[in-house]
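Structure, as structure tokens:
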Amino acid sequence: MSASIAMAESSRSGGHALLDGAQTAWDMLSEEQMQKPITTGCEELDTILGGGIQCKAVTEIGGIPGIGKTQLGIQLAVNVQIPVQYGGLGGKAVYIDTEGSFMVERAHQIIEGCIADLFENFEHRKQSLVCPDILQPNSFLANIFYFRICSYTEQIAAVNYLEKFLEEHQDVNIIVVDSITFHFRRDFDDLAMRTRVLGGMSSKLMRFAKKHNLAVVLLNQVTTKFVDGSFQLTLALGDSWSHACTNRIILYWNGNERHAYIDKSPSLRSASAPFQVTSKGIRNVTSNCKRVRMM
Amino acid sequence: MSNKLISQMGLPSSLANVFSARNILTAKDALSLPEFDLMALLDVDRDQVRTAVARISEIACPPCRTALSLMEDRALTGGYLPTRLLGLDRALRGGIPFGALTELVGPSGIGKTQFCLKLALLAALPSSYGGLNGRVIYMDTESKFHSTRLIEIGRSSFPHIFNSEGMAQEMAGRIIVLRPASLDELTERYVQMLFVLLNLAIVNFMYGLHRENERSTTGQKQHSCHLPLSFLKSLAEFSQIPIVVTNQVRSQNNYEVVHYPFQGNTDRTSCMLEKLESHLIASLGIQWAHAVTIRLIFEAHSGQYTPQILV
């Protein structure tokens, strides 16, 4: 269908009828401008991301344990569901959990926080903008499709199966994989095979992102690398993997604050923004947020 | 799931035969190979391979569940072990969660073992007193378990239970203490735990056993820690029980401060500042830390021992 639209548009603008399925940069621009990003809950973070996590792209988010990757993953799976009338996408989420870190009580807490903030921000409206049944924690929970993956075979199978799943569930707007790394770090002797399998997985996910207009968020772990005589932190899975994603965000501690840094992006500038993990979820930084730093 | 047999997946028989003829018997075998390799190996065209792989993936993939159904399951099983420390239970939204790995970290002497003893008691208590009425396995790798102390805690916290006839014996009888002397024995015990009906498992101070392996290469050390860790995690999830592990903390040396490349070279002053903060590292490093779901950090604050939570 997209091919015939492109043909119709290009014949109207007088050219490119030869390139089946191609789009002009101008058409892409209008599409990009219309596409709503998924808010992270923290305004500063949204700003450096150009509004939020972009659809039709694969975003990798990495960081040390405890920094908030799963928190951000759950927050995005919730925020994608914010109804259109409240400025969101009104979509559903697929959450692929490879580590067992998804705690449903925490998701419930984050959903409550999200709904409370929606009401607070839209207080001036006397009535609810949508049917009250939609803004209930249970309906948000029902829109998160959860897969618990226990081995790399299951991870491959799940990504393959998503092809059919996404056809049947056209309203999914985000896929979160938490984490992409877990089953590929230990006991994987054949590194060539690992690179191949991961490459295949990332290209499939990229295809889903483009075809179904959704955001793919891959959470990654960190490892230490010996570079120039000292150890440095880097995201796991090696150099060949680092080419697989569109955008790359690193979450790190800056003194006592959590920060997010855009490490790699074709369209966003390298920038850093502070954020906070609160009982309501990911939010802006306020004046005091205590933390205990652990490695 | 990965070991599901292709022969039982309902593929058209001609295709199923070709798979088995080439010794591709399980889902794992088939999905580890790229498309072209499968085409060459099985001598079938791309469309056939694609439909076969799609079918195998659909069956090997774990079933999809909504978060709502997860919540409903939680409500049924209870979901957590209350610690009886009000602030902690409130922060944990109930208590130590079932089906996940909870880690207790802190410097020595702060009270981790005491906390473990209390948890063991809480799990053994009858449900009328808020316990799990169940069996506890206490894996004591550093010989820190003292039953006199356990009974003492029991007597002072739950006098009405412990002072009645035979109850102390009953409660203490529900706690099984294991003292594995080596890493191999520890791993063996983990496997045995699968076959015992359990309500709580506590692994006290794992670091002791791994210290003897420290002189080996770092790669090996990571592997040796990772196997029991992932096993514990699977055990917790599979049996839907809480598993608590304690960990040692070591203070960080200056040269170990590791940063990302974009953070640049920190100058001396900022290094010093960081050192002054409680720059504690849990032993066993990053891979271990990634697999734990909840970490409770025990810190001393102006003479009082207070647990803080890092989820």
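Here, each number is a calculation from the coordinates, and none is a lab measurement. Note that this is a predicted model, so its numbers are computed, not measured. A quick note on method: Cβ atoms are made from the backbone with ideal geometry, for glycine too, and the neighbour counts reach across all protein chains shown.
Quick look at the numbers
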| read-out | value |
| --- | --- |
| Pairwise FRET efficiency - B:PHE262 versus A:SER240, Cβ, R0 = 22 Å, nearest 0.05 | 0.60 |
| For residues of A:96-102, the mean tally of beta carbons on other chains within 10 Å | 5 |
| Cα gyration tensor category, rounded, prolate or oblate, for the stretch A:148-286 with a/c compared to 1.5 | oblate |
| For A:ILE61, distant residues with modelled amide H under 5 Å away | A:LEU218, A:LEU219, A:ASN220, A:ILE249 |
| 9 Å beta-carbon shell around B:ALA123, net charge (K/R +1, D/E -1) | +2 |
| Charge dipole (the stretch B:6-60, unit charges on Cβ, about Cα centre) - positive-most of B:GLN8, B:VAL44, B:SER57 | B:GLN8 |
| Alpha carbon centroid spacing (whole Å) that separates the stretch B:43-81 from the stretch B:171-192 | 34 |
| Per-residue mean of C-beta atoms belonging to partner chains within 10 Å, peptide B:91-99 | 2 |
| Where trypsin sites (Lys or Arg not before Pro) fall in DSSP loop in the stretch B:46-117, at most 16 other Cβ within 10 Å | B:ARG84, B:ARG93 |
| Gained length - B:SER128 relative to B:ASP73, 0.36 nm times residue gap less alpha-carbon distance | 17.6 nm |
| Two-site label geometry, B:LEU197 and B:ILE153: point separation in nm, points 7 Å out along Cα→Cβ | 2.5 |
| For chain A: relative contact order, % (alpha-carbon pairs under 8 angstrom, 6 or more apart) | 26 |
| Distance from the stretch A:148-226 to the stretch A:240-259 (C-alpha centre basis), Å | 18 |
| Integer Hz, Karplus 6.51/-1.76/1.60 couplings in order for the stretch A:91-101, x for Gly and Pro | x, 10, 10, 10, 10, 9, 9, 9, 10, x, 8 |
| Dipole axis of chain A (+1 Lys, Arg; -1 Asp, Glu on Cβ), positive-most option in A:LEU129, A:GLY52, A:HIS212 | A:GLY52 |
| Sequence-distant residues sharing a close amide H with B:PHE98 (under 5 Å, placed H) | B:TYR80, B:LEU81 |
| Residue-by-residue Karplus 3J(HN,Hα) for the stretch A:38-51, coefficients 6.51, -1.76, 1.60, Hz, glycine and proline x | 9, 5, 8, x, 10, 4, 5, 5, 4, 4, 5, 8, x, x |
| Restraint check, A:LYS210/B:LYS4; A:LYS56/A:LYS264; A:LYS204/B:LYS4; A:LYS210/B:LYS28; A:LYS164/B:LYS4, Cα-Cα greater than 26 Å | A:LYS210/B:LYS4; A:LYS210/B:LYS28 |
| Extreme residue, positive dipole direction of chain A, given options A:LEU191, A:LEU19, A:ASN256 (C-beta unit charges) | A:ASN256 |
| Charge dipole magnitude, Cβ of K and R +1, D and E -1 - the stretch A:122-225, Cα centre, debye nearest 20 | 360 |
| Shielding by partners - mean other protein chain Cβ count within 10 Å, residues of A:230-239 | 3 |
| Geometric extent, Cα atoms of the stretch B:63-154 - Rg, Dmax (angstrom) | 15.2, 48 |
| Computed over the stretch B:6-60, Kirkwood Rh from alpha-carbon pairs, angstrom | 10.8 |
| Ordering of B:155-164, B:141-150 by burial proxy (mean other Cβ atoms within 10 Å per residue, highest first) | B:141-150, B:155-164 |
| Estimated inter-spin distance, B:ASP43 and B:GLU165, nm [label 7 Å along Cα→Cβ] | 8.2 |
| Cα-based Rg of chain A normalised by 2.2 N^0.38 Å, two decimals | 1.04 |
| GNM result for chain A, Cα springs below 10 Å: residue of A:LEU214, A:LEU237, A:LEU268 fluctuating most strongly | A:LEU268 |
| Total charge dipole magnitude, chain A, about the Cα centre, Cβ charges on Lys, Arg, Asp, Glu only, Debye to nearest 20 | 400 |
| Residues of the stretch A:86-103 with amide N under 15 Å of the 7 Å Cα→Cβ point at A:PHE122 | A:86-91 |
| Value at 222 nm in deg cm²/dmol, rounded to 500, when DSSP H runs of n ≥ 4 in chain A each add -39,500 (n - 2.57) | -11500 deg cm²/dmol |
| Additional length obtainable on full extension of the chain from A:LYS204 to A:ASP133, 0.36 nm per residue less Cα span | 22.0 nm |
| Tail fraction, Cα-Cα pairs, the stretch B:1-136, threshold 27 Å, whole percent | 52 |
| Label-point separation in nm, B:HIS146 to A:ASN256, each point 7 Å along Cα→Cβ | 3.8 |
| Cut-off under 5 Å, modelled amide H: who pairs with A:VAL172 long-range | A:LYS92 |
| Estimated FRET transfer efficiency (B:SER182, A:THR224; beta-carbon r; R0 30 Å; 0.05) | 0.55 |
